[in-house]
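The values are calculated or read from the model by the stated rules, or taken from the named source; none is laboratory data. As the structure is a computational prediction, the values presented were derived from the model and not from experiment. Cβ: placed from backbone, ideal geometry, glycine included. Neighbour counts: every protein chain shown. Remember, those area values only see protein heavy atoms, side chains included, never the ligands or the DNA or RNA. Shrake-Rupley method; radii C 1.70, N 1.55, O 1.52, S 1.80 Å.
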Amino acid sequence: MDFTGKTALVTGSSRGIGESIAIRLSLLGIHVVITGRDAAKLDALKHKMQSSGAEPHVIIADMSNPATPEQLIRETIQRFGRLDILVNNAGYAVSKSLSTTEPEEWDRMMAINARGPFFLCKEAIPYLQKSDCATIVNISSVVGRLGYEKQAAYAASKHALMGFSKVLAREVQPLGIRVHTIAPGGVATDMVKTMRSDIDTSSLIQPEEIADIVEFLLTYRGNAMIDNIDVRRSNGTPFA
Ligand SMILES: NC(=O)c1ccc[n+]([C@@H]2O[C@H](COP(=O)([O-])OP(=O)(O)OC[C@H]3O[C@@H](n4cnc5c(N)ncnc54)[C@H](OP(=O)(O)O)[C@@H]3O)[C@@H](O)[C@H]2O)c1
């Protein structure tokens, strides 16, 4: 498939998995909107992508703000006139037992990991349905189906993301929009360093490997519908 001129919005692209996905999509010839709160990191990524000929558009926005989904889609359409691919990747996690989690922490994880993607999908559908490669990729987690100690609110938010993604996939299939979730175990990013400081990140899944899977999902256009891809690391330790 020729992706030249297509447009993708990748949330949480200032670093980690989102940065790798944004770079990969731009190498496929896709116009990419990169977004997050960290203006300096997004500017650095913009320059990196420009050095390989891309012209990404930066939007500074906080996914915990209920107004952000509408803003991101509006500005994407203003800049590129279309939207073909939405990657809901921005994520936030704190490692705390259920008994020590505060209401504000619960609300923040639900807002960034579940409510934001839900309403971004809603805002994006009218534009995606005009595309011949309309794709939504929601980055979930192994804790979107399992539970680990000290990750109750994070797991609840990722279960919520998985839940609405299953419904969305069926609702928008008649519109020609594919919806996929990717549920990784430990990926070598800032997040895992915060959540699991005991883990040697060199043995974890690398962010580029998640970008490989996104590229596969975009380029695979067969009759099979792929709902969810679970991704575990290959070296067999208990941590997924
Ligand atoms: N790393 C893992 O082991 C792992 C495993 C399974 C699933 N995941 C999921 O993968 C996704 C990416 O995580 P990562 O590992 O790449 O983490 P990361 O390195 O911590 O990056 C998180 C990204 O989300 C953005 N973000 C966080 N809070 C935000 C907010 N309030 N508004 C807008 N953007 C916000 C950050 O951008 P700013 O700081 O610029 O706002 C950053 O770009 C997340 O959904 C995460 O839950 C990660």
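Go ahead and set up a Gaussian network model of the chain, Cα springs under 10 Å, then flag whichever of Thr219, Thr76, Thr11 fluctuates most. Largest GNM mean-square fluctuation: Thr219. Amide H contacts for Asn228 (H built 1.01 Å from N in the peptide plane; partners 5 or more residues away or on another chain; cut-off under 5 Å): Thr181. Averaging Cα coordinates gives a centre for segment 94-131 and one for segment 24-91; these two points are 18 Å apart. Using the alpha-carbon atoms, what tilt in degrees (0 to 90, nearest 10) does helix 207-219 show relative to the longest principal axis of the chain? That helix lies at roughly 40 degrees to the long axis. Rolling a 1.4 Å probe over the protein chains gives Phe216 an accessible area of about 90 Å².
As I understand it, the value is the acute angle between the Cα axis of helix 68-80 and the longest principal axis of the Cα atoms of the chain; what does it come to in degrees, rounded to 10? With rounding to tens, the tilt is 30 degrees. Placing +1 on the Cβ of every Lys and Arg and -1 on the Cβ of every Asp and Glu, with nothing else charged, gives segment 1-121 a dipole about its Cα centre of roughly 280 debye.
Only protein atoms count toward the accessible area here, which uses a 1.4 Å probe; on the chain, the carbon and sulfur part of that area reaches 51 percent.
Put a dot 7 Å past the Cα of Gln173, heading toward its Cβ, do the same for Glu208, and the two dots end up 3.6 nm apart. Expressed per residue, the C-alpha convex hull volume of the chain stands at 121 Å³. Listed by chain and number, the aspartates and glutamates whose alpha-carbon sits under 15 Å from that of Lys41, ignoring those within fewer than 8 places in the same chain, are Glu19, Asp62, Asp190.
For the chain, the dipole from Cβ point charges (+1 on Lys and Arg, -1 on Asp and Glu) about the Cα centre works out to 260 debye, to the nearest 20.
Determine the sum of side-chain charges near Ser97: Lys and Arg each +1, Asp and Glu each -1, restricted to other residues whose C-beta is under 13 angstrom from that of Ser97. Numbers along the way, then the final one.
Details: positive: Lys96, Lys150; negative: Glu102, Glu105, Glu149.
Here the charged neighbours net out to -1.
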